[in-house]
Amino acid sequence: RPSARAPPQHAQFGRCALRTMSVMEALELLDALVDDSDPDVDFPNSLHAYQTAEGIRRAHPDKGWFQLAGLLHDLGKVLALFGEPQ
């Protein structure tokens, strides 16, 4: 059963009023982020998303939903560019 009170992040970001962008714009925005979990990586974060989706496509060509999940799995990290912790 869901909680009666939404977490503060839901109230702040749930309406997507902070910024409107396409998925491609969000992926590009990820490139401005130094990922705390991989600070020494020297390639764009968007490349990681494409590599993940492509790896899943090779392994599971019949599961488009899974490929999409691989592409989108790090998009929430863009919130770090708006002051949220990673």
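Things to note:
- Ordering of 22-30, 55-63, 37-45 by packing [mean C-beta count within 10 Å, highest first]: 22-30, 55-63, 37-45
- Tilt relative to the chain, helix 45-59 - C-alpha long axis, 0 to 90 degrees, to 10: 60
- Three-way shape call for segment 22-67 based on the alpha-carbon gyration tensor, with the a/c threshold at 1.5: oblate
- In this structure, the amide hydrogen of M21, modeled 1.01 Å from its nitrogen in the peptide plane, lies closer than 5 angstrom to no residue at least 5 positions away or on a different chain.
- The chain: relative contact order as a whole-number percent, Cα under 8 Å and 6+ apart: 26
- Solvent-free Debye scattering, log10 I(q)/I(0), computed from the Cα coordinates of the chain at q = 0.23 Å⁻¹: -1.12
- Distance between the 7 Å Cα→Cβ label points at H73 and R19: 2.4 nm.
Taken together, the values in this text are just the output of simple stated rules run on the coordinates, not laboratory data. As the structure is a prediction and not an experimental result, all values here were calculated from the model. Virtual Cβ from ideal backbone geometry, glycine too; neighbours counted across all protein chains shown.
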